[in-house]
């Protein structure tokens, strides 16, 4: 019912754009949280820096979804060993994802901002 209402108000193409935007909400919120933490530390980000971090995080969010789906296919519920292996692989992939976000942001941040962002991401 709600979907039909939004589709009738926005049209099919705009509704699809809105859905895509909604799916990135958690990554955008996390980027905003990092920007707020850096501002509180006296290292404010400008809009370009914040947008760069958000876009990197959105890309990584999608990549992690795909990684999780791929890992889930490798888990045998009858085998605790495959579950542990999948958890370890997921942890490594998250660390790699965090590094890719830092790498994407690094050309836009000062050394101090990058260090503070790294600290925030590692928390």
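Any read-out appearing in this document is the output of simple, stated calculations on the displayed coordinates, not a laboratory observation. Since the structure is predicted, the reported quantities are computational estimates derived from the model, not experimental observations. All Cβ positions, glycine included, derive from the backbone under ideal geometry; neighbour counts span all protein chains shown.
Applying 1/(1 + (r/R0)^6) with r as the Cβ-Cβ distance of residue 96 and residue 41 and R0 = 30 angstrom yields a FRET efficiency of 0.70.
Remark: 88, 60, 96 ranked as 88, 96, 60, counting other beta-carbon atoms within 10 Å and listing the fewest first. Build a GNM of the chain with springs between Cα atoms under 10 Å apart, and of 33, 52, 16 the one that fluctuates most is 16. Region 15-58 and region 99-123 have Cα centres spaced 13 Å apart. For the chain, modelled as a GNM with alpha-carbon contacts under 10 angstrom, which of 21, 34, 108 fluctuates the most? Largest GNM mean-square fluctuation: 21. Potential lengthening of the chain between residue 29 and residue 111 amounts to 27.2 nm, from the contour at 0.36 nm per residue minus the alpha-carbon distance.
Our summary gives the chain a relative contact order of 26 percent, counting only alpha carbon pairs under 8 angstrom and 6 or more residues apart. Our helix-only sum for the chain, with -39,500 (n - 2.57) per DSSP H run of n ≥ 4 divided by its residues, gives a mean residue ellipticity at 222 nm of -28000 deg cm²/dmol. Length gained on full extension, residue 17 to residue 81: 18.9 nm, using 0.36 nm per residue less the C-alpha separation. Full extension of the chain between residue 69 and residue 4 gives 20.5 nm of extra length, using 0.36 nm per residue less the Cα-Cα distance.
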